[in-house]
């Protein structure tokens with residue numbers, strides 16, 4: 001089963017924002033910066049959606065994502081390919097909503113890591 005390396009988890013914890021790429025079913029790409037990007041566990045990452053309607057629309061049509069965290073100074077980073085799941089309620093949603101208040105969290109997206117690479 002794929003999982004994030006310790007180095008990958010460390011890089012994700014340090015680098016903000018993470019860049020999340022999605023694609024509609026018709027092939028129209030979108031990239032969105034996510035300052036809330038973080039590791040959930042060794043097989044999942046997550047981010048909060050406050051105002052990314054195109055990202056959410058794309059994920060509803062096509063759950064595949066590509067994510068990159070890059071430190072421009074060191075040129076080190078982590079790339080992730082995975083499958084997203086949109087949460088609109090529940091404990092994880094409530095936790096992220098409280099953390100980012102007073103901003104309104106509309107969705108929390110978890111991503112199952114299918115492949116990850118540190119560079």
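Test residue 60 against the criterion of being in contact (Cβ under 8 Å) with a residue 12 or more places away in the chain and within 13 Å of the chain's Cα centre (by Cα), and give yes or no.
So residue 60 fails the test.
On the given criteria, is residue 85 assigned to a helix (DSSP H, G or I), modelled with pLDDT of 95 or more and farther than 16 Å from residue 15 by Cα?
no
Please work out which one of (1) touching a strand residue (DSSP E or B) at 6+ places or on another chain (Cβ under 8 Å); (2) at pLDDT 95 or above; (3) surrounded by fewer than 18 Cβ atoms within 10 Å (Cβ to Cβ) is the condition residue 50 fails and give its number.
Failing condition for residue 50: (1).
When the residues of the stretch 2-24 are filtered to those that are part of a strand (DSSP E or B) and touching a helix residue (DSSP H, G or I) at 6+ places or on another chain (Cβ under 8 Å), which remaining residue is surrounded by the fewest Cβ atoms within 10 Å (Cβ to Cβ)?
The qualifying residue surrounded by the fewest Cβ atoms within 10 Å (Cβ to Cβ) is 23.
From the list 36, 66, 32, pick out the single residue that is surrounded by 13 or more Cβ atoms within 10 Å (Cβ to Cβ) and assigned to a loop (DSSP other than H, G, I, E, B).
Result of the check over 36, 66, 32: 36.
Just to be sure, is residue 57 surrounded by fewer than 16 Cβ atoms within 10 Å (Cβ to Cβ) and outside any loop (DSSP other than H, G, I, E, B)?
So residue 57 passes the test.
The values are calculated or read from the model by the stated rules, or taken from the named source; none is laboratory data. Not measured: the values here are computed from a predicted model. Cβ coordinates were reconstructed from backbone atoms using ideal geometry, including for glycine residues, and neighbour counts include every protein chain displayed.
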